[in-house]
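Undergrad: Quick one: the structure is below, and I'll ask about it shortly.
Laboratory data are not the source of any read-out in this text; all were calculated from the coordinates shown. Remember, predicted model here, so these are calculated numbers, not experimental data. Because the Cβ atoms are built from the backbone with ideal geometry, glycine has one as well, and the counts that use them run over all protein chains shown.
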Protein chains: 2
Amino acid sequence: VKNLDEFQLIRHLTERVHAAEPHVQVGIGDDAAVLSVGVGEEVLATTDAMVDGVHFRTDTLSFYDVGYKAVAASLSDIAAMGGEPRHVLIALAVPTGQSVDSLEQIYDGVADICLHYGCALIGGDVVSTAGPLMITTTVLGSVPAGTALLRSGATPGDIVFVTGTVGDSGAGLKLLLEKTPLPADEAYLLVSAHQRPSPQVRVGQLLRQEGASSCDDITDGLANELNEIANASGVRLRIDRGRIPLSPPVKNLARRRQEAALDYAWYGGEDYQLVGTASPFVFARALSRCESMGIKITQIGKVEAGEGVIAVGDGDLAVLEPKGYNHMRKE
Amino acid sequence: VKNLDEFQLIRHLTERVHAAEPHVQVGIGDDAAVLSVGVGEEVLATTDAMVDGVHFRTDTLSFYDVGYKAVAASLSDIAAMGGEPRHVLIALAVPTGQSVDSLEQIYDGVADICLHYGCALIGGDVVSTAGPLMITTTVLGSVPAGTALLRSGATPGDIVFVTGTVGDSGAGLKLLLEKTPLPADEAYLLVSAHQRPSPQVRVGQLLRQEGASSCDDITDGLANELNEIANASGVRLRIDRGRIPLSPPVKNLARRRQEAALDYAWYGGEDYQLVGTASPFVFARALSRCESMGIKITQIGKVEAGEGVIAVGDGDLAVLEPKGYNHMRKE
């Protein structure tokens, strides 16, 4: 980075991103942002860090995607709480020699996803580093007081559900790394799911309104998130393998690679779909509203007394660990 | 980092820090924190990133100090708005091979400053990096709606003030780097100011209550912050060099090194004292309250129509640029 001092650079980059939003009283440029909060609302706050070479590779993500996806990860946390994302802060660590052009692309990605979700950039920091590119996002959101969806509310008798399809992002990454031949439209779907995931903000709010009992977003793979809910709620989740919603491209890729398609869902991660639980009554209402909005939501299992996660199907029953199966016995 | 997976490590580290605070409805452990906000309050938000080798050196700051000081920098932003800091999020990028012990020390520093200022750790992320240690802090605070102190309210006729003494932190860093002999008590004062600065939260709130017209915290040196206020407010600040409050150790160090003591104040930075403006009436009241609380606050100049910052004294008048003097004419 040359020819621009730190303050000029921050101004230059942040000008690319929408800074206004009805709750922003004071935005970027003072010591801190000042935000109003509606009566009866609570504030949601989450932070995520992404490091080049650890969380992404610049040969599989463009700089634009890096900005887009970093914000997406934090928006997804707000979605999982049933909240409305509003405000974004970005801290960017820039390697020596990184071009201003590439930083502009990162902020263009930030700008587009902020615009799409109605969020404003309200603060940040741009610092240099001798290490890899790193982007830390903090997203603030809002939720009616006392209604945030937690991981801990699942109750025996509830239905376990997941939104959209799962495994697409992990399959997209595999495709980018190993260049398995796939029809262009299928490849596009998977790669898009990996590079520009869509946080499920609207469904999260719908699930909160209807009264889902727990919710989590799929960051580290469905197997991990199901275990998070089971542990936090003190229950067992019994998951029907045959009901896991896989997209045709995931199935096609797995077939061509002779892999188990479900493994993309269990362990792929970064789908940023929502997984959660709801009473049958609540789920029926949520399903009906989702269908009318063209949003896919699928029952994949049920909540029982006990602990951990059990995957069933094809006459097999196995404990689904956060990483890997533990086949206990045949049913 | 070995023998602990990422989730265990985050839990292990964050357990060291106070997580409860009256406004925390849901803290660390879910997708996002849930925070209540008092009626009539606005939320303050600020983010700062510190990188090893750029913003600090581990030969002049202990790991404990790194954690302490990173949070201090963000608390100081809240102080400059006249706010009450409440909630802290930490994103830590950990170099390969960094010991868990050193991470514990960082979080002990975070814990101590959070406890001192009544803040709770509500979220964070710990990631590995091939690069240097980096800590990104986000602090959320609160302020009565419409009362946040901005940089932009200075008006001709106002008094310019600064809290505490300035230049101590820069002098402390110089002392650490160049080992100039100084009496132990003086060295301790300067080094402490550098390693464990004290954000001026109480004075910031007092200045807000009394109605100061502008405020900024001294991050990048007094010369820079004065220019920030002058630019944001569209006024000229006339500063009396002889009134800049310098501590005896700074004067002593400068004398021994044959340097201009004032340069530590102008350009040293990281003092995290507050600089601002207030009407003479408001300043008189603030001064009286500060004196009764044992807090030092000093008039250092006044606000005029015009632009920029002028430093006067000893028959000399010069434009004080954010970096360096520009001597224009003799008075």
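Undergrad: Tell me which of B:Tyr188, B:Pro156, B:Val139 sits at the most positive position along the dipole axis of the stretch B:68-201, charges placed on C-beta atoms (Lys, Arg +1; Asp, Glu -1).
TA: Among B:Tyr188, B:Pro156, B:Val139, the one farthest towards the positive end of the dipole of the stretch B:68-201 is B:Pro156.
Undergrad: Let me ask you something else. Distance in whole Å from the A-onto-B rotation axis to the closest C-beta of chain A, together with the residue it belongs to, please.
TA: For the rotation taking chain A to chain B, the closest Cβ gives A:Gly131, 1.
Undergrad: Percent relative contact order of chain B, based on C-alpha pairs within less than 8 angstrom and at least six residues apart? Intermediate values should be presented prior to the final figure.
TA: Numbers: 782 pairs, mean separation 70.0, N = 331.
Relative CO of chain B lands at 21 percent.
Undergrad: Now for a separate question. Which whole-Hz couplings ³J(HN,Hα) result when phi for each residue of the stretch B:73-79 is put into the Karplus expression 6.51 cos²θ - 1.76 cosθ + 1.60, θ = phi - 60°, listed in order with x for Gly and Pro?
TA: My calculation for the stretch B:73-79 gives 4, 6, 4, 5, 5, 5, 4 Hz in order.
Undergrad: Would you work out which of A:Ala311, A:Phe281, A:Leu262 lies farthest towards the positive end of the dipole of the stretch A:261-321, given +1 charges on the beta-carbon of Lys and Arg and -1 on that of Asp and Glu, about the Cα centre?
TA: Of the candidates, A:Phe281 comes out farthest on the positive side.
Undergrad: Inter-copy label distances at B:Ile295, 7 Å along the Cα→beta-carbon direction, one decimal in nm, shortest first?
TA: 4.7
Undergrad: Right, another one. Evaluate the distance, in nm, between pseudo-label points positioned 7 Å from the Cα of A:Glu304 and of B:Val319 along their respective Cα→Cβ axes.
TA: According to this spin-label approximation, the distance is 7.8 nm.
Undergrad: Taking chain B as the reference, fit the longest principal axis to its C-alpha atoms, fit the long axis of helix B:201-210 to the helix C-alpha atoms, and give the angle between the two in degrees, 0 to 90, nearest 10.
TA: Long axis of B:201-210 versus the principal axis of chain B: about 50 degrees.
Undergrad: Further question on the same structure: Collect residues whose amide H, placed 1.01 Å from N in the peptide plane, falls under 5 Å from the amide H of B:Ser213; neighbours closer than 5 in sequence don't count.
TA: HN-HN under 5 Å from B:Ser213: B:Thr277, B:Ala278, B:Ser279.
Undergrad: Kindly put B:Thr96, B:Thr298, A:Thr58, A:Thr165 in sequence by how many other C-beta atoms sit within 10 Å of each C-beta, fewest to most. It would help to have the intermediate numbers written out before the result.
TA: On the way: B:Thr96 9, B:Thr298 17, A:Thr58 14, A:Thr165 21.
If I rank by nearby Cβ atoms, fewest first, I get B:Thr96, A:Thr58, B:Thr298, A:Thr165.
Undergrad: Now, a different point. Hey, can you grab everything whose amide H is under 5 Å from the amide H of B:Ala145? Only 5+ residues off in sequence or another chain; H modelled, so Pro and N-termini drop out.
TA: Correct list: B:Glu41, B:Glu42.
Undergrad: With θ set to phi - 60° and the Karplus curve 6.51 cos²θ - 1.76 cosθ + 1.60, what are the ³J(HN,Hα) couplings of the stretch B:254-265 in order, to the nearest whole Hz, using x for Gly and Pro?
TA: 4, 5, 5, 8, 6, 10, 7, 4, 4, 4, 4, 6
Undergrad: List, shortest first and in nm to one decimal, how far the label point of B:His12 (7 Å from Cα along Cα→Cβ) is from its counterparts in the other copies.
TA: Nearest to farthest, the other copies are at 4.3 nm.
Undergrad: In addition: What does the net charge come to around A:Leu89 if you take all other residues with beta carbon closer than 12 Å to its beta carbon, with K and R at +1 and D and E at -1? Each step should come with its number before you reach the end.
TA: Numbers: positive: A:Arg86; negative: A:Asp48, A:Asp125, B:Asp48, B:Asp77.
My count for the surroundings of A:Leu89 gives -3.
Undergrad: While we're looking at this one, here's another question. Rank the residues A:Tyr68, B:Tyr188 as a footprinting-exposure proxy: fewest other Cβ atoms within 10 Å of their Cβ go first.
TA: B:Tyr188, A:Tyr68
Undergrad: How much length is gained on full extension from B:Thr155 to B:Arg255, taking 0.36 nm per residue of separation minus their Cα-Cα distance?
TA: On the way: separation 100, 0.36 × 100 = 36.00 nm, distance 3.66 nm.
Taking B:Thr155 through B:Arg255 to full extension adds about 32.3 nm, to one decimal.
Undergrad: I'd like the mean, over residues of B:309-322, of how many other protein chain beta carbons sit within 10 Å of each residue's own Cβ.
TA: Mean shielding count: 0.
Undergrad: Moving on to the next point. Given charges of +1 on the Cβ of Lys and Arg and -1 on the Cβ of Asp and Glu, with all other atoms neutral, how large is the dipole of the stretch B:215-331 about its Cα centre, in debye to the nearest 20?
TA: Around 460 debye, computed over the stretch B:215-331.
Undergrad: Now for a different question. When the Karplus curve 6.51 cos²θ - 1.76 cosθ + 1.60 is applied with θ = phi - 60°, which whole-Hz ³J(HN,Hα) does each residue of the stretch A:301-312 get, with x for Gly and Pro?
TA: x, 9, 9, 10, 5, x, 8, x, 10, 10, 9, 10
Undergrad: Indicate, rounded to the nearest 5 percent, the antiparallel portion of the DSSP beta bridges found entirely in chain B. Intermediate values should be presented prior to the final figure.
TA: Working: 48 of 64 bridges.
DSSP beta bridges in chain B are roughly 75 percent antiparallel.
Undergrad: Of all DSSP beta bridges in the stretch B:185-331, what percent run antiparallel (nearest 5)?
TA: So the antiparallel bridges amount to about 75 percent of the total.
Undergrad: Moving on to the next point. Excluding B:Gly268 itself, calculate the net charge of residues whose Cβ lies under 9 Å from the Cβ of B:Gly268, where each Lys or Arg counts +1 and each Asp or Glu counts -1. Don't skip to the answer; put the middle values down first.
TA: On the way: positive: B:Lys174; negative: B:Asp168, B:Asp263, B:Glu270, B:Asp271.
Result for the neighbourhood of B:Gly268: -3.
Undergrad: Could I ask something else about it? For the stretch A:1-125, rounded, prolate or oblate, judged on the Cα gyration tensor with a ≥ b ≥ c (square roots of eigenvalues), a/c < 1.5 rounded, else prolate if a/b > b/c?
TA: Because a/c hits 1.5 or more and a/b fails to exceed b/c, the stretch A:1-125 counts as oblate.
Undergrad: What are the residues whose amide H is under 5 Å from the amide H of B:Ser128, where those residues sit 5 or more places off or on another chain and H is modelled from the backbone?
TA: Amide H to amide H, under 5 Å and 5 or more residues apart or across chains, B:Ser128 pairs with B:Val94.
Undergrad: P(r) of the protein assembly as shown in 20 Å steps, Cα pairs, percent per bin?
TA: So the P(r) values, bin by bin, are 18, 49, 25, 8, 0.
Undergrad: So for chain A, taking the charge dipole from beta-carbon charges (+1 Lys/Arg, -1 Asp/Glu), which of A:Val110, A:Ala20, A:Gly167 sits furthest toward the positive end?
TA: A:Gly167
Undergrad: Identify which of A:Ser74, A:Ser169, A:Ser36 has the largest mean-square fluctuation in a Gaussian network model of chain A, with springs joining Cα atoms closer than 10 Å.
TA: The residue with the greatest mean-square fluctuation here is A:Ser36.
Undergrad: Using a label point 7 Å beyond Cα on the Cα-Cβ vector, give me the inter-copy distances for A:Asp101 in nanometres, one decimal, shortest first.
TA: 4.8
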